[in-house]
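The next block holds one structure in the form of structure tokens; read it before the comments.
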Amino acid sequence: MPTLPEYSLAGRVAILYTAGGDEAPVLAQALAEAGAAVFTIARRQELLEPVLAGLTQYPGEHGGVAADVGNGGPSELARAMDAFAGSHDHVDILVNDVRSMFAQPLSDISIEDWDQIQSRNVRATFVLCQELGQRMRDRKFGRIVNLVSVLAERGMVNGSAFAASQAAVLSLTRSLAVELGTSNIRVNALGTGWTTAEDIPLEVQREELLVRYTPLRRKGHPRDIGPLLVYLASEACDYTTGQAVYVDGGLNAHP
């Protein structure tokens, strides 16, 4: 996709954190195609490998590390930052893809389950925003984009633990936008609906009840998210902060 000059990320350094899911490779490629050098922090090695493989087609100094910065504690964050410092001396963009799903009935959710999903999605976002937000403050420039599910603002049967994590990330996004705005840092949430990285024929998708409930009658694809992610990470995003912008096929507008 051609990048408009005002949305170019040329010369920018981006950190992408992924807690799970199969969309991170496409998101990383969108940033790289716009010109950014992308360093990926993935919760597990198997999440990191497809991201790095997809970035080989784009010029730039891309890299990454597997580090569980949410559940792993300060040592994992330090290890990730040390790996990042081996190739870059600053960061301009932070993208937190923290939509690691968890679905269980309320009665079946253990305290361990609850703590793990909050750490995986919320604590990881917090510690990365805290660490990298200060670096952005020192340079008086930064863009932070937190990806969240529509369940940040909706409810779903068996989705209480996950939805609570998404609502927390959205609230954190809005608070950080207020706190960091005077340092020329923009903090926004990019909301998604029912998505898949697979290319599934429409007639097959529409066999699912939730797809038929979605106004645009299809699942989203990471390609739908990429252009907005690039905008929110660019200098053109100068008067937008503290917002949740949804690319969800109209799902969040549905009663």
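The values are calculated or read from the model by the stated rules, or taken from the named source; none is laboratory data. In this text the structure is predicted, and so the values were computed from the model without any measurement. Neighbour counts run over all protein chains shown; Cβ positions are idealised from the backbone, glycine included. Side chains are part of the model used for accessible areas, which takes the heavy atoms of the whole protein and leaves out ligands, DNA and RNA. Shrake-Rupley method; radii C 1.70, N 1.55, O 1.52, S 1.80 Å.
With the condition kept exactly as written, say whether any residue in region 54-64 is touching a helix residue (DSSP H, G or I) at 6+ places or on another chain (Cβ under 6 Å), open to solvent by less than 40 Å² (accessible area, probe 1.4 Å) and under 23 Å from Met136 (Cα atoms).
Yes, some residue in region 54-64 is touching a helix residue (DSSP H, G or I) at 6+ places or on another chain (Cβ under 6 Å), open to solvent by less than 40 Å² (accessible area, probe 1.4 Å) and under 23 Å from Met136 (Cα atoms).
Can you list the helices (runs of 4 or more DSSP H) lying wholly within region 179-255 that have 2 or more residues being modelled with pLDDT under 95 and of a type in the set (D, E, K, R)?
It comes to 222-233.
Can you spot a residue in region 158-168 that is in contact (Cβ under 8 Å) with a residue 24 or more places away in the chain and aromatic (Phe, Trp, Tyr)?
yes
Assigned to a loop (DSSP other than H, G, I, E, B), open to solvent by 20 Å² or more (accessible area, probe 1.4 Å), in contact with a Gly (Cβ under 6 Å, 6 or more places away or on another chain) and over 21 Å from Ala236 (Cβ atoms), is that true of Ser100?
Here the answer is no, as Ser100 does not meet what is asked.
Could you say whether any residue in region 184-199 is surrounded by fewer than 18 Cβ atoms within 10 Å (Cβ to Cβ) and over 22 Å from the mean Cα position of the chain (by Cα)?
No, there is no match, as no residue in region 184-199 is surrounded by fewer than 18 Cβ atoms within 10 Å (Cβ to Cβ) and over 22 Å from the mean Cα position of the chain (by Cα).
Got a number for residues in region 105-154 being open to solvent by 70 Å² or more (accessible area, probe 1.4 Å) and assigned to a loop (DSSP other than H, G, I, E, B)?
Adding up the residues that qualify gives 2.
Inside region 166-183, can you point out the residues that are surrounded by 15 or more Cβ atoms within 10 Å (Cβ to Cβ) and in contact with a Ser or Thr (Cβ under 8 Å, 6 or more places away or on another chain)?
Gln166, Val169, Leu172, Ala177 - these are the residues of region 166-183 that are surrounded by 15 or more Cβ atoms within 10 Å (Cβ to Cβ) and in contact with a Ser or Thr (Cβ under 8 Å, 6 or more places away or on another chain).
Would you mind stating whether Ala32 is within 20 Å of the chain's Cα centre (by Cα) and among the aliphatic types (A, V, I, L, M)?
Yes: the conditions hold for Ala32.
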